[in-house]
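Novice: Mind having a look at this structure? Questions to follow.
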Amino acid sequence: MFAATYGRVSTGGQENEATIENQFMAIKEYADKKDLVLVKEYRDEGWSGTILARPSLDELRIDAKNKKWEAVIIYDPDRLARKYSYQELIIDELQEAGVQVLFVTTPPVKDDSDRLLMGVKGLFAEYERAKIAERFRLGKLRKARDGKLVTGNAPYGYQYIPRQAKKDGKYKIIPSEAEVVKMIFSWVGEEGLTIRAVVRRLYEMGIPPKKSKKPVWNTSTLVTLLRNQTYIGIAHFNKSLAVVPINPLKHEKYKKYKKTSRRMKPLEDWVPIPVPAIIDKKLFEKVRVQLKMNYELTTRNKKNDYLLAGLVYCVCGRRRTGEGPMQGKHLYYRCTDRIYSHPLPPKCRERGTNARIADILVWRGVYELMTSPKLLNQQIQQWIGKKQVKAEDSGESAEQLKLEIEKLKTEEDRYVKAYGAEIINSEQLEEALNDLKSRRAVLERQVGVLESQKRTTDDVLMPSEEQVEKFSHKARLVFENLSFTPKQAIMRKVVDTIIATQRQVRVHGYLPIEEIQNVKFQSEGRNSWVTKCR
């Protein structure tokens, strides 16, 4: 029997200790005892067992469906996943694909009692992980309350000295970086410079940030630095909580850490830890006041009406944001590349898009579409045509799968006849039939999904020409007197993205035509005081 192997470790320490190699060594010994031929190895190093989307695990699941091997060997169920529900999900999926799942530390499941024992073991693995996490949290909290540093990530201006012998870890001031910190606080607190002015001055002086690849300081980095109380001699533990980001900046398929964002905890939960100070508290308070004043007085806080705000992108891929030079006399959508590149020259050379002209043109296009029965009917017919093509493709795929199912049924009959002719024994018959039934069950589920998609397409009720005419007439009456806010709400409903240059605006979006027959701009045939009030 051909078999694959899978191993996982969750931390860098485990990687350095080569614990994953220990897993594969035990797996190889197990395979030798069972006379299994190992054909492929899958390993996820540095991946938590609470995350299901792992690159090697996904590759294993795809290969299992493609029948590249007959079994997979894993050292322990908790290497597959730390959550019992995840373990069951993956094991069921592999078994449905006709793959045998073997564990070195756990015997194969033969009956309900074995399945129960494996489930209990999975729950214990989940409990063990929660217990370890809680033990670490309490240990760090106790250490912080004793006035000892917990984290090894020192802010700019400090170096973390790890624990040696009986001496606890501590922060040591780096003189060269400390001078830069003092200059930054002085520029803002004494001279009243803005954050962007500080960025420019640091760049001109040739002072790069500590970790960034660019030779330019980020504005958010400087704001965090100027608000960090570590520089006045008070570091804090338990300030924030790791959470899953609501609007992540990156959308990778595989993420080793889900909780990449931070949420601040209440002030009473913070644990102060004394550290060496770089600046005095008086200057720190002056900087805090100046930052607040800079924010309140900045001209960029003046609001202008941008109908396409949040929808416009540049051809380089970055967003375009509204900007009003000369106190809003001229309004433009400008590429944000110049903001991220500051004070370096921007990489994108595209000019600004006139916001007033772009707003008028795009609104006119949306207005003409939603008030024209001819254009609406054209879009409906186009949408129906695409749905029909998709339904036909689904029907053809379903028919092909049904042919495969018939072949499997024929193969089952052959095995039964072979058993009747005493060519194979009962164990061989049972093994063959179980494999064929599992493969047939997978195909039947796929057929069910495809046929349900086709039924969904056939059941969609399209608006009639009379309904479209009525809708467009009402839209024409309402659109003529709309204020800015409802206009913007409509734009965000029907427009997906807008790619803009100085000379061209290209709009991508859709009108939810399934909802046309349900849209009503006013009440009809009702005598209700609530309706009259509204």
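The values are calculated or read from the model by the stated rules, or taken from the named source; none is laboratory data. Everything quoted here is computed from the prediction, not taken from an experiment. Glycine also receives a Cβ, built like all others from the backbone with ideal geometry; neighbour counts cover every protein chain displayed.
Novice: Which of the helices (runs of 4 or more DSSP H) found entirely inside segment 65-146 contain at least 3 residues meeting this: over 29 Å from residue 440 (Cβ atoms) and small (Gly, Ala, Ser)?
Specialist: 112-145
Novice: If you go through segment 196-225 one residue at a time, how many are closer than 12 Å to residue 180 by Cα and part of a loop (DSSP other than H, G, I, E, B)?
Specialist: The qualifying residues number 6.
This table checks each residue for (1) within 24 Å of residue 341 (Cα to Cα); (2) aliphatic (A, V, I, L, M); (3) buried (at least 18 other Cβ atoms within 10 Å of the Cβ).
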residue: 156; (1), (2), (3): yes, no, yes
residue: 182; (1), (2), (3): no, no, no
residue: 217; (1), (2), (3): yes, no, yes
residue: 222; (1), (2), (3): yes, yes, yes
residue: 226; (1), (2), (3): yes, yes, yes
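Novice: Moving on. Please go through (1) farther than 17 Å from residue 94 by Cβ; (2) in contact with a Leu (Cβ under 9 Å, 6 or more places away or on another chain); (3) of a type in the set (Ser, Thr, Tyr) for residue 48 and return the number of the only condition it doesn't satisfy.
Specialist: Every condition holds for residue 48 apart from (2).
Novice: Does residue 404 fit the bill of being more than 24 Å from residue 93 (Cβ to Cβ), at pLDDT 75 or above and of a type in the set (Asp, Glu)?
Specialist: Taking the combined requirement at face value, the residue does not satisfy it.
Novice: For segment 171-185, state whether one or more residues are within 18 Å of residue 282 (Cβ to Cβ), without any contact (Cβ under 8 Å) to a residue 60 or more places away in the chain and not aromatic (Phe, Trp, Tyr).
Specialist: Yes, some residue in segment 171-185 is within 18 Å of residue 282 (Cβ to Cβ), without any contact (Cβ under 8 Å) to a residue 60 or more places away in the chain and not aromatic (Phe, Trp, Tyr).
Novice: Right, here's the next one. Residue 52 - would you say it is surrounded by fewer than 18 Cβ atoms within 10 Å (Cβ to Cβ) and within 25 Å of residue 130 (Cα to Cα)?
Specialist: Spelling it out, residue 52 is indeed surrounded by fewer than 18 Cβ atoms within 10 Å (Cβ to Cβ) and within 25 Å of residue 130 (Cα to Cα).
Novice: Only residues that are under 27 Å from the mean Cα position of the chain (by Cα), exposed (fewer than 11 other Cβ atoms within 10 Å of the Cβ) and of a type in the set (D, E, K, R): list them for segment 132-142, please.
Specialist: 134 - this is the single residue of segment 132-142 that is under 27 Å from the mean Cα position of the chain (by Cα), exposed (fewer than 11 other Cβ atoms within 10 Å of the Cβ) and of a type in the set (D, E, K, R).
Novice: Another question, if that's okay. Sort out which residues of segment 327-369 are aliphatic (A, V, I, L, M), buried (at least 17 other Cβ atoms within 10 Å of the Cβ) and under 34 Å from the mean Cα position of the chain (by Cα), and write them in order of number.
Specialist: Result: 331, 355, 358, 362, 366.
Novice: If I filter segment 330-374 down to residues being charged (D, E, K, R) and part of a loop (DSSP other than H, G, I, E, B), which single residue comes out as farthest from residue 501 (Cα to Cα)?
Specialist: 347
Novice: Shifting gears a bit: Of all helices (runs of 4 or more DSSP H) completely enclosed by segment 423-496, which ones contain at least 3 residues that are in contact with a His (Cβ under 6 Å, 6 or more places away or on another chain) and modelled with pLDDT under 75?
Specialist: Of the helices (runs of 4 or more DSSP H) lying wholly inside segment 423-496, none has at least 3 residues that are in contact with a His (Cβ under 6 Å, 6 or more places away or on another chain) and modelled with pLDDT under 75.
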